[in-house]
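To start, the structure under review is shown below, and the notes come after it.
What follows is calculated from the coordinates using simple rules that are stated; it is not laboratory data. All figures in this text were calculated on a predicted structure; none of them were measured in a lab. Because the Cβ atoms are built from the backbone with ideal geometry, glycine has one as well, and the counts that use them run over all protein chains shown.
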Amino acid sequence: MVNSDDIIIARDLVKKFGDFTANDHLTFSVKKGEVFGFLGANGAGKTTAIKVLCGLSYPTSGELTVSGYNIYTHREKIKQNIGYMSQKFSLYEDLSIVENIHFYAGIYGLSNKVIRERTEELIGMLDLQNVRNKLIKDLPLGWKQKISFSVAIFHRPSVVFLDEPTSGVDPITRRQFWQMIYDAAHSGITVFVTTHYMDEAEYCDRVSIMVDGKIVALDTPLNLMRLNDSVNMEGVFLKLARQ
Amino acid sequence: MNSEIMVEARDLCKNYGTVTALDHVSFSVNKAELFGFIGPDGAGKTTLLRILATMLKPDTGTVRIGEYDAVNDYRKIRNMIGYMPGKFSLYQDLTVEENLQFFAGIFGSTIKDNYYLINDIYDQISPFKNRQAGKLSGGMKQKLALSCAMIHKPDLLLLDEPTTGVDAVSRKEFWEMLRKRKEDGITIIVSTPYMDEAGKCDRVALFQNSKILSTDTPENITANYGSVLFAVRTSNMYTLIHDLKYCPTVRSAHSFGQYIHYTDKEINATMSDIEYYLRGKGHSEIEIRQIDATVEDCFMRLMLND
């Protein structure tokens, strides 16, 4: 069944490296405006799957459309219609806040007028007027993460991929960050997120758990807890993730 | 110095130019204690562990490790500690086994002598013992680094964020292993940004903005939270956090998974008071329970200083 509201549709997606199967027949779909948690132990195949979903590598077999574009025929279109943020690679440390915004916006081909307008809007929203020309390396980690997320959705992508976005962030900033995620989802942006914080898994609309390249569970956090007889997602994860 | 104490740090300060990394930090760690520094990135944890590892000198203040001074007797101290930095620092072009042999060798020990210490983690990477360390996955690099830090049977093990980026299952196994090493008599100091790991330590120091906010057992920290804490859930979580944050008598409201943790300024506030307020805001399927505070609740209260 193809629902026009589905931003990501993956069917029997396989990715092999030699004789090693990193992603083994992944089938799932993610709706518009949904916050989708993509969980799994280290080495389960999450990063490989995200690279395929972002159009950075081709699947070995299977079907995939992201934002209506087919991975085999419109890989570049997929890249233009998604946003990406990770803990490791986010912003250029030796550029200022505004320079980073302009750089990323320029890459996505936004016009100067749009860039100017949205930059002012963003600087206002994040309350950065006084630090707009500061270098990224001089900012606290929590600010970097928030700016990094804002930059990742600056070109209004249909889906944003967040790879462990809150790793190492203090508990207050972590919650503010999730508020930004909710706001983005409410504005219609689909959020695809990985995390090792199990309380954050509970903030997702739906969660998938990957084990050895396969998706072994996919449901709302509440249903997963009921099915696995657990009071929280930590319990679910500990039960399923090492089989 | 008390013979039960392994580490005694007094009034440590460290600045990098105009940036303060440590601001009058004092603490002590007992022998065979599992001691945690809990705090976000940038709090100063790495600077502190580097000073304890004698890799860095404090601007002011003193550290004693066992009977030695960290600045004057650093050679003695380096023989008795095992240090695992946050950044992978083994030889990338040596194999797994060669790295381990190297670290055992420079301390005049052998893998065989102390294999029992690393048995439960090294077992998981030994199938790859002929692979170059640089070509291991992140999780395996961490296991190898820890093995190398322990293979000479140190008195004191210093672990800088060993579980960052590690999944919940591996983290659980990791802490079970640390507990065993503590029972072998090794003193362990570990830093982590994961608040839920505080409960695995004998004592913790909560660390934020270059300062220790509180040092105690996790049980005492949570017992001293100081107000009645409620977990609240309704059918509309998106508006619930907003409605609780703007409740006229709110003291704090923070998301915790599927619940909001709420405290009220009114000491006598009851569950029915909160329920009444939420019904007025149009909430239904209201669930409210009184709960014990977690270390994360306490950390946020100390951070916000309220």
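Of all chymotrypsin sites (Phe, Trp or Tyr not before Pro) in the range A:36-98, which ones are in loop regions per DSSP and have a Cβ with at most 12 other Cβ atoms within 10 Å? List each step's numbers first, then the result.
Numbers: sites: A:F36, A:F38, A:Y69, A:Y72, A:Y84, A:F89, A:Y92; in loops: A:Y72, A:F89, A:Y92.
Those satisfying the criteria are A:Y72, A:F89.
Give the calculated FRET efficiency between B:S227 and A:F20 to the nearest 0.05, with a Förster radius of 56 Å applied to their Cβ-Cβ distance. Write out the running numbers ahead of the final one.
On the way: r = 53 Å, r/R0 = 0.95.
After rounding, the FRET efficiency stands at 0.60.
If each DSSP helix of 4+ residues adds -39,500 (n - 2.57) and the sum is divided by the residues in chain B, what number results at 222 nm, nearest 500 deg cm²/dmol? Mind dumping the intermediate values first?
Values: 10 runs with 105 residues, N = 306.
Estimated from H runs of four or more residues: -10000 deg cm²/dmol.
Can you tally the net charge around A:G45? Count Lys and Arg as +1, Asp and Glu as -1, for every other residue whose Cβ sits under 10 Å from the Cβ of A:G45.
+1
For a distance above 32 Å, tell me the whole-number percent of Cα pairs in the protein assembly as shown that qualify.
50 percent
Restrict the search to the range A:167-209; then list the trypsin sites (Lys or Arg not before Pro) that DSSP places in a loop and that have at most 14 other Cβ atoms within 10 Å of their Cβ. Don't skip to the end; give the middle numbers.
Numbers: sites: A:R174, A:R175, A:R206; in loops: none.
Loop-located and lightly packed - none at all.
Note the full-extension length gain between B:E285 and B:F88 as 0.36 nm times their separation in residues minus their Cα-Cα distance, in nm to one decimal.
Gain on extension, B:E285 to B:F88, equals 66.0 nm.
Which whole number gives the average, over all residues in B:163-176, of C-beta atoms from other chains lying within 10 Å of the residue C-beta?
Across the residues of B:163-176, the mean count of other-chain Cβ atoms within 10 Å is 5.
For the range A:1-117, just say rounded, prolate or oblate: build the C-alpha gyration tensor, square-root its eigenvalues into a ≥ b ≥ c, call rounded for a/c under 1.5, and beyond that prolate if a/b exceeds b/c, oblate if not.
Since a/c reaches 1.5 and a/b is larger than b/c, the shape of the range A:1-117 is classed as prolate.
So how do A:L122, B:L159, B:L117, A:L238 line up by other beta-carbon neighbours within 10 Å, fewest first?
A:L238, A:L122, B:L117, B:L159
To test your reading of the geometry: what angle, between 0 and 90 degrees and rounded to tens, separates the Cα axis of helix A:141-152 from the longest principal axis of chain A?
The two axes meet at around 80 degrees.
Per-residue ellipticity at 222 nm for chain A, helices alone: DSSP H runs ≥ 4 residues times -39500 (n - 2.57), over residue total, nearest 500 deg cm²/dmol?
Details: 9 runs with 86 residues, N = 243.
Taking each H run of at least 4 residues, the total per residue is -10000 deg cm²/dmol.
I need B:T215, B:T263 ordered by Cβ neighbour count within 10 Å, fewest first.
B:T215, B:T263
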